Structures are given as C-alpha cells and as structure tokens.
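As structure tokens, the structure follows; a few thoughts come after it.
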Amino acid sequence: MLFGLAYSGVEKLCGLLSLRHFTRSVYMQYANYINKKTIEHTKYLLEQSRKAVFKYYTQVLDRHPDEDGLLDVDVSFDGTWHTRGHSSLFGAGAVIDANTGLILDYETAGKVCQLCNYNKARHDRKEMTDTEYARWKECHAPTCQVNYTGTSGGMEAAEAVACWNRSLSHEMRYISFIGDGDSSAYSAVISSNNGEGPYGKEHIVEKMECINHVAKRLGNGLRNLRKETQTVKTKSGKSVKRSLLGGQKKLTDKVITRLQFYFRRSITRKVNTSEEEMRNDILSSFEHCSSSDANPKHHLCPKSSESWCFYQKALALGKEPQSHSEMKVSFNLLPDQLQLVRKVYERLTNDDMMKRCLKGHTQNPKESFHSRVWLYSPKHRNTSKNKLDFAVACAMAVGWWLAACLVLGSSYRSSLISHLVVAGKSPVINTVEDLVGRHGWGWGTPRMTGALKTVLSTSPDLAMQKFYKEMQVKSIEDGMGLVLKGGFAFIYSTYYGKMLVATHYTDQTGDTPVHISTSQYDLFFGNSFGMR
C-alpha cells in the first residue's frame with residue numbers, strides 16, 4: 001500500500017522473490033484494517049495539530065479566542081487531482097495553517113466506486129434480481145466510495161466548502177484564505193450558505209496571496225510580453241518577425257528570472273509594513289535595472305552607506321558611482337517599450353494586491369503535502385477513494401519511513417533521557433517544561449538528526465523551541481558523566497536508555513543513582529524521546 005501497489009502488484013512482487021503470497025480476500029481484509037487504523041490515527045494527529053496551533057497563536061502571536069471560544073486562523077488551501085485535465089475521478093484538498101505549516105483538516109472526493117460498477121454490471125447482465133440489487137445498494141450505501149457527483153473541476157470548491165463548514169466544530173474560524181489568484185475555491189467559500197459565507201457577514205473570509213505565485217505572475221507577464229513580435233526588414237530587404245522586447249540588453253531569460261527574484265525579495269523585506277512601502281520597494285528594482293548613465297533612476301532605492309544599490313551607496317560615501325554598464329542585471333528599452341513593462345508591474349502592485357501580500361505567506365507546505373500524497377498513490381496507477389484516503393493519511397507523517405512505521409506498528413519511544421538526574425544532587429525532572437524552566441541546567445543528545453531534529457525544529461511549542469536551540473551533542477559516555485555530576489539531562493531512546501542504565505549504572509541490589517523520567521515523547525512513529 002505504501003508503494004501505491006494493489007493486490008496485483010504484491011502478487012507480482014512475491015512471485016519475483018519466490019515468496020508465498022495470500023489470496024485477494026485476505027489481502028483486502030488486511031488492507032481495509034490498515035486503512036481504518038491509519039485514518040483513526042490521522043484523526044488523532046489532526047486533533048494534536050489543532051491544539052498546537054491554539055497554543056502557538058495564543059503564546060507566540062498573542063491572538064486569543066473570542067468570547068465564544070473561536071480562534072481566527074490564517075490558512076492556505078488548494079486542491080489536487082489524481083489526473084491532469086478536467087476528467088479526474090478523485091481529488092483531495094487540505095487546510096494548512098499558514099504560520100506553523102500544520103494540517104488542520106482535509107477532504108477527499110471520489111466520483112466512482114468499483115464495487116458499485118461491478119454489481120451494476122451484474123444486475124445489467126441479469127445475474128442479480130432487482131430485489132437483490134436494491135437490497136445490496138441499501139447495505140452498501142454507508143461504505144460507498146462515491147461522495148461527489150459534480151464536475152472534476154468543481155472538486156476543489158466542494159472540498160473547501162466542506163472544510164470551512166467543519167471549522168466551527170474545531171473551535172476555529174479560517175478567516176484568511178491563502179490561495180491562487182483565480183481560486184474558484186475561495187469564491188465557493190464566500191458564497192456558501194446562500195451568500196452569507198461560512199461565518200456570516202460579520203466574519204468575512206479574507207483572500208490573501210501566496211507571494212511565490214505573485215512573483216511567478218510577474219515572470220509570466222514579462223515572458224508573454226516578450227512574445228509580441230513586429231515585422232522588420234533586414235539589410236537584404238527581407239521582411240522578418242522579431243520579438244519586440246527580446247534580444248541582447250533587453251528582456252532575456254536571465255533578466256526576467258532576476259526581476260522575478262527581486263520582486264519576491266522586496267515583498268519579504270516589507271512584510272507587515274504598508275502597501276506603499278512594499279510597492280516602492282518592488283518598483284525600486286525595476287527602476288534600478290532599467291537605469292543608465294544618461295538616465296539614472298535610483299530615487300526609490302535605499303539611501304545609505306549600506307544600501308544594496310551601488311549608486312546610492314556611492315553617494316552616501318561621497319564617492320563617484322560606477323558606470324551602469326557594469327551592472328550584473330540591466331535592460332535597455334525604448335520609452336514606449338519600457339511603459340509596457342511598467343504596466344505589468346503596476347498591475348501586480350496595486351493597493352489590493354499589496355494588501356493581500358502584506359503577511360508574506362506562501363503555499364510551500366501545501367506543495368510539499370501534495371507531492372507526498374501522490375507518492376503513496378502514484379498518478380500513473382489506478383486508485384480508489386480508499387487508497388486516496390490512505391495516501392492523505394500517510395502524507396501527514398513527517399517522512400516516508402515514518403509512514404511505514406505507522407503501518408507496521410513499530411513505534412518506539414525515547415525518553416527524556418534527558419532526565420538522567422542523580423538523586424540527592426539534582427531535583428527530579430519529568431517533563432521538557434520542567435527542564436527548560438530550571439536555572440543553570442543543560443541537556444544533550446548523541447545525535448541531533450532524523451525524526452528528533454524534525455519534530456523539535458518544527459514544534460510551535462515555546463518550551464520545545466528552547467529545548468531545540470540549547471541542545472548539546474554529547475557522546476553517551478560524556479553525557480552520562482555530566483548527568484552523574486548533576487544539573488544535566490541526556491536525551492536518548494527510551495528502550496536503549498533503560499538497557500544502558502540497567503547494564504552500566506545499576507548495582508547488584510538493583511539500585512541506580514539515575515532517575516528515568518516518567519514522561520515519554522513520541523517522535524510520531526518509529527522514534528520518540530523521554531527523560532532520565
């Protein structure tokens with residue numbers, strides 16, 4: 001299932017390896033069981049994600065729930081389909097918190113059920129009577145995989161409306177919608193409930209832009225502009241069509257790519273400022289790159305001795321600016337041609353667009369999530385809604401091997417071997433919060449890699465953030481030596497830690513100077529840490 005293979009794939013693999021394999025019915029029993037347990041665990045993960053988001057918004061962003069206990073959250077949403085075009089039978093969409101990257105909810109859509117098709121064909125061939133078929137449909141209805149009957153293009157909008165309508169049951173309002181510029185899902189959300197929106201007129205869902213998509217639009221606009229041609233005559237008198245803005249010292253691919261990069265960097269520099277400041281910073285790169293010795297246009301560039309603009313930096317230092325011909329990125333266009341480029345910039349820097357970009361959000365977590373979904377349910381293979389549900393559930397894990405550990409059920413724990421504390425010399429500590437709150441304490445681990453690093457570095461919890469930043473890398477001997485001196489905690493796998501303590505730090509009577517913490521912290525699947 002993790003490879004996106006069904007029974008036929010498993011059968012072929014077992015045959016190649018000369019292994020005995022099970023029957024299709026046995027495979028389906030195990031597959032359905034694994035799928036059921038995976039989705040159950042996914043519900044638990046979603047609940048933990050929502051709790052983490054609540055904590056992050058209240059403690060870090062200082063944004064608190066209202067009197068009804070509802071928290072306003074900034075989220076991104078985008079749909080993904082099993083096949084390209086407008087004929088996909090399956091799709092999925094996820095709501096992802098914009099500030100933490102945690103998935104808050106998801107919805108899958110299916111337009112076909114193989115079991116329904118199979119039994120309908122049997123009924124059409126008179127292999128089932130009308131009564132038998134009707135009775136089967138009634139029993140099959142609760143587990144039927146068809147939950148959407150509209151067009152394939154409308155899946156994304158239906159998924160978004162379903163997620164937004166469920167948000168209140170999670171004590172959240174998805175008040176900011178980060179999506180593509182022409183997102184049909186956003187239009188569907190704000191027009192739901194007879195035009196009232198998911199939260200009524202008093203809580204309007206605001207459209208925000210992904211700054212990567214906005215910068216990409218600049219590149220696309222300039223490339224489309226470059227495609228425009230004009231008919232000119234060569235020296236031989238032959239008429240040919242040539243690009244109006246392409247060619248040397250004009251809008252080459254290198255120049256457009258750099259302008260697109262400057263556009264995005266200007267937005268990130270001016271996050272949480274004002275529309276005017278952001279627009280001026282964006283236009284400064286356009287004016288800068290279109291300047292010449294005869295016509296320098298650096299009035300919008302930063303004026304200081306540390307400015308990125310060579311012209312303003314030289315003036316601030318009282319020096320003569322270098323020639324514009326030495327600029328790494330520049331283009332030289334006629335005034336009317338330059339005006340065409342300016343219009344592309346003006347279209348993407350109006351007040352409405354700048355307001356949508358002020359928070360500097362991106363859809364990078366969404367792109368990562370989509371790629372993982374189709375890793376477990378490859379687009380070149382047939383799928384079903386059950387397979388898609390399983391793929392979405394697995395994609396919520398940190399990595400491929402974590403999902404494998406989920407299916408195999410081999411999650412082990414690591415203890416805050418961090419609390420290898422010596423009785424009498426150190427107070428007993430059983431949680432990360434206790435540890436980071438103790439003055440003068442240190443902590444370490446043998447390796448700051450893999451799932452431990454991933455979980456700690458991405459945690460929105462303030463205690464975990466401090467825990468990660470001040471983590472020391474120590475060998476087992478050095479770490480345990482510091483533990484025995486007191487004031488130090490060592491993080492290690494729970495089970496290996498217990499073996500270590502029992503083997504090397506326990507006397508013949510069973511006494512040990514090392515305290516093993518009562519708290520254990522799962523690193524999702526396959527690893528975790530606890531305290532000593």
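In this calculation the C-beta distance from Gln322 to Asn212 is compared with R0 = 25 Å, giving a FRET efficiency of 0.15. Taking amide H as placed 1.01 Å from N in the peptide plane, Ile96 has its amide H under 5 Å from the amide H of Ser76, Leu104, each at least 5 places away in sequence or on another chain.
For the range 62-69, 3J(HN,Hα) computed residue by residue from phi via the Karplus equation (6.51, -1.76, 1.60; θ = phi - 60°) reads 6, 10, 10, x, 7, 5, 8, x Hz, glycine and proline entered as x.
Label point 7 Å out from Leu61 along Cα-to-Cβ: which residues of the range 89-127 have amide N under 18 Å? Under 18 Å, as judged by backbone N against the label point of Leu61, lie 94-106 of the range 89-127.
Scanning residues 5 or more positions from Trp443 or on other chains, those with amide H under 5 Å from its amide H are Gln472, Ala489, with H placed 1.01 Å from N in the peptide plane.
Taking the empirical scaling 2.2 N^0.38 Å for compact globular proteins as reference, the range 198-271 has a Cα radius of gyration ratio of 1.75. For Glu206, nonlocal amide neighbours, meaning residues 5 or more places apart or on other chains whose placed amide H falls under 5 Å from its own, are Ser176, Phe177.
For the range 474-488, the Karplus equation 6.51 cos²θ - 1.76 cosθ + 1.60, evaluated at θ = phi - 60°, returns couplings of 10, 5, 4, 5, 5, x, 5, x, 5, 4, 5, 6, x, x, 9 Hz by residue, with Gly and Pro reported as x.
Computed in the context of the full set of protein chains, the accessible area of the chain at 1.4 Å probe radius has 51% of its extent on carbon or sulfur. Here the Kirkwood formula puts the hydrodynamic radius of the chain at 28.1 Å, using every distinct Cα pair.
For the pair the range 1-63 and the range 135-172, the centres of their Cα atoms are 20 angstrom apart. Computed over the alpha-carbon atoms, the range 148-230 gives an Rg to Rh ratio of 1.13, Rh here being the Kirkwood radius from the mean inverse distance. Leaving out same-chain residues fewer than 8 places away, which lysines sit with a Cα under 21 Å from that of Lys216? Result set, ordered by chain and number: Lys207, Lys227, Lys250, Lys254, Lys270, Lys343, Lys355, Lys359, Lys366. Here the peptides 118-128, 297-307 are ranked by packing, the mean other Cβ count within 10 Å, and the order with the highest first is 297-307, 118-128.
Inter-label distance, Asp336 to Gln48: 6.5 nm, where each label sits 7 Å from its Cα along the C-beta direction. Once the 1.4 Å probe is applied to the protein heavy atoms, the chain comes out at 52 Å² accessible per residue.
The HN-Hα couplings worked out from phi for the range 31-44 by the Karplus form 6.51 cos²θ - 1.76 cosθ + 1.60 (θ = phi - 60°) are 4, 5, 5, 4, 4, 4, 5, 5, 5, 4, 5, 5, 4, 5 Hz, whole numbers, x standing for Gly and Pro. A helix-only calculation puts the chain at -14000 deg cm²/dmol for mean residue ellipticity at 222 nm, using -39500 (n - 2.57) for each DSSP H run of at least four residues, averaged over all residues.
Computed over the Cα atoms of the range 234-320, pair by distinct pair, the Kirkwood hydrodynamic radius stands at 15.2 angstrom.
If the chain between Arg166 and Arg242 were fully stretched, how many nm would it gain, using 0.36 nm times the residue separation less the Cα-Cα distance?
Taking 0.36 nm per residue and subtracting the Cα distance, the gain is 21.9 nm.
Count the DSSP beta bridges whose two residues both fall in the chain, then state the antiparallel fraction as a percent rounded to the nearest 5. In the chain, approximately 60 percent of DSSP beta bridges are antiparallel ones.
Ordered by solvent-accessible area of protein heavy atoms (1.4 Å probe), largest first, the residues Tyr311, Tyr44 come out as Tyr44, Tyr311. At q = 0.15 Å⁻¹, work out log10 I(q)/I(0) for the range 5-61 with the Debye formula, treating every Cα as an identical point scatterer and leaving solvent out; two decimals please. So the normalised log intensities work out to -0.61.
Inter-label distance, Asp507 to Asp352: 7.9 nm, where each label sits 7 Å from its Cα along the C-beta direction. Rounded to the nearest whole angstrom, the semi-axes of the ellipsoid equivalent to the range 299-388, taken from the Cα gyration tensor as √(5λ), stand at 46, 18, 16, largest first. Taking a straight Cα-Cα cut-off under 17 Å and skipping sequence neighbours fewer than 8 places away in the same chain, the lysines within cross-link reach of Lys469 are Lys453. The slack between Ile204 and Cys14, meaning 0.36 nm per residue of separation minus the straight C-alpha distance, is 62.9 nm.
The values are calculated or read from the model by the stated rules, or taken from the named source; none is laboratory data. These numbers come from a predicted model, not from an experiment. Here the Cβ is made from the backbone with ideal geometry for all residues, glycine too, and neighbour counts use every protein chain on show. Keep in mind that these areas ignore ligands, DNA and RNA; they rest on the heavy atoms of the full protein, side chains included. Shrake-Rupley method; radii C 1.70, N 1.55, O 1.52, S 1.80 Å.
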